[in-house]
Amino acid sequence: MGSDAATWPSLLAATIALRPYVFIFLAAFLVLAGRDLGWRRGAGWLAWGFAVALTAEYASTRLGIPFGLYHYTGATAGREVFISNVPFFDPLSFPFLAYASFCLARGALGKPDGWAVIALAGTLMMLLDVVIDPVAVRGDRWFLGRVFYYAEPGVFFGVPVSNFVGWVLVGCAIVAGYLWAVRPRSRPMGSPSGGIGLYYGVLGFNLGLAGWIGEWRLLGVGILVHVAVILVLCPLKTMSAAWDWAAALRQGPVVMRPRP
């Protein structure tokens, strides 16, 4: 880490004080994922998601893959924990964003796993970033601060398209890696409703920030995008149930045999 062992506890405390909103969402994730996935699996999700996100952040700030090339300013070095050049809070956010998106995908499709769940979860996480990243780019206008900048500002409120592609890939990688490791059908999951609430809590927080800093056009675009998402997701569960029913019919009738 970018600090020695003697100052680590104080820097961690300073990081929590500087980024309380991240740790509130993280605490909500730990409770919800513990109840939904189980405490050990929830901890595994956190560790895996953090590792994937940190790798992606590290590579993007050097090679521009997968988010596009950007740089951290280091303005808060000495005031919060860094891992190399990456602020600790940033990759720490991805596990709860991916989990919330995974829950919404499960709720929409009515199934706990599969490629459709993975692809939808990655897409839903990217759609959160339609609001998150443009707000973060304007961090000097709220309490985030100017912590990063893109080498070449993009067309979407200063964010390049490559960033959104990267979010889909990272979201899919977190969810797919978890599902591959745990084989969830061997242990049924709980309800995704808490994670769905977390998804819309994060979205509402960032939409609120967009309004607070006077980015009304961004606020309007974010609302329109997610209203469209809801209109698409609502019929998905019905359609998925119909496909499962049709597949069951193709397999033939189930014969009930009397017990001996």
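The values are calculated or read from the model by the stated rules, or taken from the named source; none is laboratory data. From a predicted model like this one, the values you see are computed outputs, not experimental measurements. As a convention, Cβ positions derive from the backbone with ideal geometry for all residues, glycine included, and neighbour counts pool all protein chains shown. Areas reflect the complete protein model, heavy atoms only, side chains present, ligands, DNA and RNA absent. Shrake-Rupley method; radii C 1.70, N 1.55, O 1.52, S 1.80 Å.
Details
- Dipole magnitude for the chain: about 1080 debye, using +1 per Lys or Arg Cβ and -1 per Asp or Glu Cβ, origin at the Cα centre.
- Shape of region 1-91, Cα gyration tensor, a/c cut at 1.5: oblate
- Accessible area per residue for the chain is 50 Å², calculated with a 1.4 Å probe on protein heavy atoms, without ligands, DNA or RNA.
- Among 107, 204, 166, the largest mean-square fluctuation in a Gaussian network model of the chain (Cα springs under 10 Å) belongs to 204.
- Summing +1 for each Lys or Arg and -1 for each Asp or Glu among the other residues whose beta-carbon sits under 15 angstrom from that of residue 161 gives -3.
- Radius 14 Å from Cβ of residue 57, net charge of other residues (Lys, Arg +1; Asp, Glu -1): -2
- Simple rule: put +1 on each Lys or Arg Cβ and -1 on each Asp or Glu Cβ in region 89-164, find the dipole, and look at 157, 131, 145; the Cα lying farthest toward the positive end is 131.
- For region 98-207, diffusion coefficient by Stokes-Einstein and Kirkwood Rh (Cα), 37 °C, 0.692 mPa s, µm²/s: 221 µm²/s
- Of all accessible heavy-atom area on the chain, the percent that carbon and sulfur account for (1.4 Å): 69 percent
- Anisotropy class of region 32-187 from Cα gyration tensor, a/c 1.5 cut: prolate
- Using a cutoff of 8 angstrom between alpha carbon atoms and counting only pairs six or more residues apart, the relative contact order for region 98-198 works out to 43 percent.
- Kirkwood hydrodynamic radius of region 170-228, from inverse mean 1/r over distinct Cα pairs, in Å: 14.0 Å
- The residue list 188, 18, 117 was ranked by how far each Cα lies along the charge dipole of the chain toward its positive end, using unit charges on Cβ atoms, and 188 comes out on top.
- Axial C-alpha extent at least 30 Å, average Kyte-Doolittle at least 0.5 - helices from the chain (DSSP): 89-109, 115-137, 161-182, 216-250
- Beyond 12 Å, the tail of the calculated P(r) for region 134-186 holds 71 percent of the Cα pairs.
- Rel. contact order, % - alpha carbon contacts under 8 angstrom, at least six apart, the chain: 24 percent
- Here region 9-61 has an Rg and Dmax of 13.0, 35 Å, counting Cα atoms alone.
- Summed side-chain charge close to residue 30 - residues other than residue 30 whose Cβ falls under 15 Å, Lys, Arg +1, Asp, Glu -1: +2
- Mean ellipticity per residue at 222 nm, deg cm²/dmol - from DSSP H runs of n ≥ 4 across the chain, formula -39500 (n - 2.57): -23500 deg cm²/dmol
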